[in-house]
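Below is one structure; the comments refer to it alone.
The values are calculated or read from the model by the stated rules, or taken from the named source; none is laboratory data. Source: prediction; values computed, not measured. Here the Cβ is made from the backbone with ideal geometry for all residues, glycine too, and neighbour counts use every protein chain on show. Calculation scope for accessible area: heavy atoms of the full protein, side chains included, ligands and nucleic acids excluded. Shrake-Rupley method; radii C 1.70, N 1.55, O 1.52, S 1.80 Å.
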Amino acid sequence: MTDPPPLPLGLAWQPARPRVLVVACSDGRLQEATDHFLARHLGVTDYDRLYVPGGGGALSASGRDFMRAHQLQGECRFLVESHAIESLVLLFHGPAPDGPDEAMCVDYRRKLSWASVARLREQQERDALELLDSRWQWAGTARVLVFRCEVGAGGGLAFVSLHADAAADARRPRDARERNDTLDAHAPRQERRPLAPGRNARE
């Protein structure tokens, strides 16, 4: 039996690393929206990926999943160090305040099966804060941006900024490629921490 022939793509391998790592949920319903957001609003088209159930929230124990969170933080830190990551984008996802309950991240439903959707949204914001407080464990010196992909009442998608480090020359990509320079240009200039529990993220 002969081996099947290779399937050429007409593409060449690029040895230069993107210097951007995106931590996002495995939910395939959001893949196209995620790529569109990264390209249109952050100027990022090439990036390393850490896709796990829960996305950025998987790095947090959420009060109970400590072993898994510790392991995934270690995996994230490994990528940051071995791939010389300089910008790290954490993505959460769920419904907007008026969005459908079924849009809630199932990993958060697993971790907090008793909680309402409003409570899970609050937990995501709390987890983002706690992750930022311990960022050296999983991000090292990389610049960190945190967003939540929200599904509105009509099914529309929007990304809400929960936090963005201020742009700093020392953290700019060493190869100074245009796509990653755009990330600095479009990210909020002032740090935005997650809102206090119960507040609308758009207020």
field: Any chance M104 is open to solvent by 50 Å² or more (accessible area, probe 1.4 Å) and either closer than 23 Å to L145 by Cβ or of a type outside the set (S, T, N, Q) (or both)
entry: no
- request: Might you let me know whether the range 109-131 holds any residue that is surrounded by 21 or more Cβ atoms within 10 Å (Cβ to Cβ), part of a helix (DSSP H, G or I) and basic (K, R)?
  value: yes
task: Could you tell me which numbered condition R19 fails, if it satisfies all but one of (1) charged (D, E, K, R); (2) in contact (Cβ under 8 Å) with a residue 12 or more places away in the chain; (3) surrounded by fewer than 19 Cβ atoms within 10 Å (Cβ to Cβ)?
output: (3)
- prompt: Just wondering, is there one or more residues in the range 83-100 that are out of contact with any Cys (no Cβ under 6 Å at 6 or more places or on another chain) and in a helix (DSSP H, G or I)?
  reply: no
